[in-house]
Amino acid sequence: MARSSSGLGRRPLKAEITGSTPVRATKGKFIISLFCKIFLINHMPRFEKHIFICENKSEAGHPRGCCSEKGSVEIRELFKKQLKELGLNPKVRANNSGCLDACEFGPTVLIYPEQIWYGGVKSEDVEEIIQNHIINNELVKRLLIQDKRFLSNGGQQK
Ligand code: FES
């Protein structure tokens, strides 16, 4: 009978005899690791940031206007191109969307998960949005739609 460090007698573990890790402990670690991976896969967002660019086209003369007539298609293409060049795919995705009901503020860009609404976005603003908002998590305040319906936190922005 082997002696433990506490001085109480007990049978030695096989691992203590052979110097290997006990099989049960290895299986336990594997199962915990597997549960952790499954948990992370099921609880991590598909994208870290998801950018929606409205490309809706309303009939000519619509009183609220529409984003596509203000250049939103080019803006979406620029987002895609720059995200790819910066290697931000696939964690950040830019998609076209239908009307986001902010037509008079368009071109409209909506970014999740923060639910930040940018309006009057121009092609030359795309790089700034990517650098500030997407990469550095800082709002581009000058482009925020200044209407309480589109300001998160009840209109209080950081
Ligand atoms: S047309 Fe773009 S928000 Fe309505």
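At-a-glance table
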| read-out | value |
| --- | --- |
| Any hit, the range 84-96, residues being out of contact with any helix residue (DSSP H, G or I) (no Cβ under 9 Å at 6 or more places or on another chain) and surrounded by 15 or more Cβ atoms within 10 Å (Cβ to Cβ) | no |
| Residue satisfying all of: in the range 63-95; acidic (Asp, Glu) and without any contact (Cβ under 8 Å) to a residue 12 or more places away in the chain; farthest from the ligand (Cβ to nearest atom) among these | GLU85 |
| Filter result for LEU110 (in contact with a Phe, Trp or Tyr (Cβ under 6 Å, 6 or more places away or on another chain), under 24 Å from MET44 (Cβ atoms), surrounded by 14 or more Cβ atoms within 10 Å (Cβ to Cβ) and not acidic (Asp, Glu)) | yes |
| Answer from ILE32, ILE53, ILE17 - the residue that is assigned by TED's automatic domain parsing to the domain that holds ILE129 and either modelled with pLDDT of 90 or more or farther than 24 Å from ASP101 by Cβ (or both) | ILE53 |
| Checking ILE130 against (1) within 17 Å of the chain's Cα centre (by Cα); (2) at positive phi; (3) surrounded by 14 or more Cβ atoms within 10 Å (Cβ to Cβ), the condition it does not meet | (2) |
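The values are calculated or read from the model by the stated rules, or taken from the named source; none is laboratory data. What you see is a predicted model; the values in this text were computed from it and never measured. Quick reminder, even Gly has a Cβ in these numbers, built from the backbone with ideal geometry, and neighbours come from all protein chains shown.
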